[in-house]
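Down below is the structure, laid out as structure tokens.
The values are calculated or read from the model by the stated rules, or taken from the named source; none is laboratory data. Values in this document were obtained by computation on a predicted structure and should not be read as measured data. Cβ: placed from backbone, ideal geometry, glycine included. Neighbour counts: every protein chain shown. The accessibility values were calculated without ligands, DNA or RNA, using every heavy atom of the protein model including side chains. Shrake-Rupley method; radii C 1.70, N 1.55, O 1.52, S 1.80 Å.
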Amino acid sequence: RQAGGAAAVTLAMAAGPPPPLGPPVLPGFSEEGFGDKFLRKTRENPLVPLGCLCTVGVLTYGLISFKRGNTRRSQLMMRARILAQGFTFAALLGGMVVTALKSRE
């Protein structure tokens with residue numbers, strides 16, 4: 001029995017020492033600037049920037065109406081702003097769900 005065990009140790013020594021462990025090689029990622037990231041995210045989910053633009057447009061129009069003294073239109077625009085924000089939020093959540101489902105595949 002000892003001879004078989006000694007032979008296994010001798011074979012392991014004959015293979016040489018194990019290679020040194022270095023730092024793991026990580027995949028390289030290119031640096032993505034703000035503009036590049038914004039364009040990529042807009043292409044992935046174009047409804048979110050559209051909703052943001054609608055929200056800002058309705059808010060601006062509502063503030064202009066308020067400043068001019070047209071309270072009825074100002075109130076209408078503030079309610080429309082809430083709808084635009086809801087649309088933006090729903091588009092954001094929908095985009096997150098789609099991204100999560102794609103990552104599962």
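Selection within region 27-46: residues that are closer than 20 Å to GLY95 by Cβ and acidic (Asp, Glu). The member of this set that is most open to solvent (accessible area, probe 1.4 Å) is GLU44. Take the residues in region 47-105 that are open to solvent by 70 Å² or more (accessible area, probe 1.4 Å) and either acidic (Asp, Glu) or not in a helix (DSSP H, G or I) (or both), then tell me which one is modelled with the highest pLDDT. Taking the candidates together, the pick is ARG68.
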